[in-house]
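A.B. asks: Supplied in structure tokens, the structure appears directly below.
The values are calculated or read from the model by the stated rules, or taken from the named source; none is laboratory data. What you see is a predicted model, and the numbers here were worked out from it, not measured in a lab. Cβ sites come from the backbone with ideal geometry, for glycine too, and all protein chains shown count toward neighbours. Calculation scope for accessible area: heavy atoms of the full protein, side chains included, ligands and nucleic acids excluded. Shrake-Rupley method; radii C 1.70, N 1.55, O 1.52, S 1.80 Å.
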Amino acid sequence: VNTHNLCLLGFGNVGKALVRLLIEKQAPLRDQYGIDWRIAGVASRRLGWIAAPDGLDPEALLRGEFPASLPDLSADPVRQWLEAARSDVLFEISSLNAQTGQPAIHHLRTALECGAHAITANKGPIVHAYRELRDLAARCGKRFMFESTVMDGAPIFSLFRSALPATNIVRFRGILNSTTNYILTRMEAGLNFEDAVREAQEIGIAETDPSADVDGWDATVKVAALATVLMDSPLDPNSIERSGIRGLTGAAVQAALAEGFRYKLVCTAERGDAGQLRARVGMEKLSLTDPLASVAGTSSLVHFETDVLPGLTLTEHNPGPRTTAYGLLADFINALRPEGGS
Ligand SMILES: NC(=O)c1ccc[n+]([C@@H]2O[C@H](COP(=O)([O-])OP(=O)(O)OC[C@H]3O[C@@H](n4cnc5c(N)ncnc54)[C@H](OP(=O)(O)O)[C@@H]3O)[C@@H](O)[C@H]2O)c1
């Protein structure tokens, strides 16, 4: 059994869910995979840089009891922290910066340079630095993994990496933003737009400022991430045709449903005949027979058309931070397998 020093950069909903899941799965990880772990570092802007190479008490972290941050920080605290913690794996789970991907890109780059596997749920580094981090990981003999960035714990990236080698994706279509899908589902049940947004905020799935979801930005970044990795076509989210669900009324949603249609925020990317990639995010009025119309609430779905499998659909039902944490845990286990074996 090998014990791995884990560092968490970001300790919000996903970070806490990851620690809970690591505790829950500690025995099977040890018994079935020969993997043990200790939390050797936790960091955030408020917590500072906490390092303990012999391990922190995970239960105490969940209770909100944190030791002091590292004193005397250098000009590069991430590197100093990772080295002090003797990190084998960095989980980069800080907030998304959709504009630049920073500082998460710097965090992941530094982890790889320090000899740690770099695992993230943060979409920013995928859309702004995927190729750089992938190539750096290969040079460093480490893994750069990011399963949770799109559809939380659903195995999209590992599916194509492992089970579907030499497959070309011609087109994909999906419902990739839980918040807007939840709002549309609640509008079908009789709420107006403002009340549906308020309810989504109250149950913790929409942010105080819901515009990143409602205006289609989050979905756009996910389309860019899928296209960048799976279709080998780096896409700037700003270049994707985008519209959101703002302006739609409850009455219009309910009238459409009475006629056998559902409004959905649909994500699409397809390769044209000349090889160029076209992507868009926008509201569509779908027939109830369309598989995308069946996705309710916070669930999500993606349908791929490939050169060999004419159609392949993945649906993820009711994800939450624990689902996202599972994507990170799966990345951790797969990172320790021989390359190509995950
Ligand atoms: N929630 C989900 O189910 C889900 C699903 C898929 C992907 N994700 C992604 O996972 C990541 C974490 O999500 P979350 O729900 O856990 O968010 P969260 O609850 O808001 O937590 C974010 C954490 O990151 C820290 N942080 C933010 N900016 C930082 C910075 N510049 N440097 C260091 N630490 C920073 C925050 O602490 P301080 O304020 O103290 O810095 C906090 O601990 C995000 O990138 C999100 O997009 C989440």
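A.B. asks: Could you check how many residues of the stretch 287-338 are touching a residue at least 40 places away in the same chain (Cβ under 8 Å), of a type in the set (Asp, Glu) and farther than 20 Å from residue 36 by Cα?
C.D. replies: 3
A.B. asks: Right, another one. Those residues that are buried (at least 24 other Cβ atoms within 10 Å of the Cβ) and of a type in the set (Gly, Ala, Ser), I need them from the stretch 88-127; list them, please.
C.D. replies: 104, 111, 116, 118, 121, 124
A.B. asks: Can you tell me which residue among 324, 313, 298 is in contact with a Leu (Cβ under 9 Å, 6 or more places away or on another chain), polar (S, T, N, Q) and within 14 Å of the ligand (Cβ to nearest atom)?
C.D. replies: 324
A.B. asks: Go through the stretch 201-211 residue by residue and tally those that are small (Gly, Ala, Ser) and closer than 19 Å to residue 324 by Cα.
C.D. replies: Number satisfying all stated conditions: 2.
A.B. asks: So which residues in the stretch 215-245 are out of contact with any Ser or Thr (no Cβ under 8 Å at 6 or more places or on another chain), modelled with pLDDT under 95 and open to solvent by less than 50 Å² (accessible area, probe 1.4 Å)?
C.D. replies: The answer is 233, and nothing else.
A.B. asks: Which residues, counting only those in the stretch 68-83, are modelled with pLDDT under 95 and either farther than 13 Å from residue 106 by Cβ or surrounded by 13 or more Cβ atoms within 10 Å (Cβ to Cβ) (or both)?
C.D. replies: Matches in the stretch 68-83: 71, 72, 73, 74.
A.B. asks: Can you find a residue in the stretch 291-304 that is outside any strand (DSSP E or B), touching a helix residue (DSSP H, G or I) at 6+ places or on another chain (Cβ under 9 Å) and modelled with pLDDT under 95?
C.D. replies: Scanning the stretch 291-304 turns up no residue that is outside any strand (DSSP E or B), touching a helix residue (DSSP H, G or I) at 6+ places or on another chain (Cβ under 9 Å) and modelled with pLDDT under 95.
A.B. asks: Now for a separate question. Could you say which residue among 105, 35 is within 16 Å of the ligand (Cβ to nearest atom) and at pLDDT 95 or above?
C.D. replies: Answer to the check: 105.
A.B. asks: Collect the residues in the stretch 30-51 that are in a helix (DSSP H, G or I) and either within 17 Å of the chain's Cα centre (by Cα) or crowded, with 18+ Cβ neighbours inside 10 Å (or both), keeping them in residue-number order.
C.D. replies: Once the filter is applied, which keeps residues that are in a helix (DSSP H, G or I) and either within 17 Å of the chain's Cα centre (by Cα) or crowded, with 18+ Cβ neighbours inside 10 Å (or both), the stretch 30-51 yields nothing.
A.B. asks: Could you tell me whether the stretch 63-86 includes any residue that is outside any helix (DSSP H, G or I) and touching a residue at least 60 places away in the same chain (Cβ under 8 Å)?
C.D. replies: yes
A.B. asks: May I ask you to list the residues in the stretch 196-214 that are β-branched (Val, Ile, Thr), over 20 Å from residue 174 (Cα atoms) and either open to solvent by 30 Å² or more (accessible area, probe 1.4 Å) or under 17 Å from the mean Cα position of the chain (by Cα) (or both)?
C.D. replies: Within the stretch 196-214, 203, 208 meet the criteria.
A.B. asks: Across the stretch 108-128, what is the total count of residues that are assigned to a loop (DSSP other than H, G, I, E, B) and away from the ligand (no atom under 13 Å from the Cβ)?
C.D. replies: Looking only at that region, the number is 3.
A.B. asks: So, one more: Conditions: (1) over 22 Å from residue 278 (Cα atoms); (2) among the charged types (D, E, K, R); (3) open to solvent by 40 Å² or more (accessible area, probe 1.4 Å). Residue 171 meets all but one. Number of the miss?
C.D. replies: (1)
A.B. asks: Return yes when residue 112 is modelled with pLDDT under 95 and farther than 19 Å from residue 52 by Cβ and no when it is not.
C.D. replies: For residue 112, the condition - modelled with pLDDT under 95 and farther than 19 Å from residue 52 by Cβ - is not met.
A.B. asks: In addition: All but one of (1) farther than 18 Å from residue 90 by Cα; (2) open to solvent by less than 30 Å² (accessible area, probe 1.4 Å); (3) out of contact with any strand residue (DSSP E or B) (no Cβ under 9 Å at 6 or more places or on another chain); (4) at pLDDT 95 or above hold for residue 184; which doesn't?
C.D. replies: Here residue 184 clears every test but (3).
A.B. asks: While we're on this one: Just to verify a result, which residue in the stretch 215-235, among those that are among the acidic types (Asp, Glu) and over 17 Å from the mean Cα position of the chain (by Cα), is farthest from residue 97 (Cα to Cα)?
C.D. replies: Among those residues, the one meeting the criterion is 232.
A.B. asks: Kindly indicate whether residue 275 is over 25 Å from residue 144 (Cα atoms) and modelled with pLDDT of 95 or more.
C.D. replies: No: the conditions fail for residue 275.
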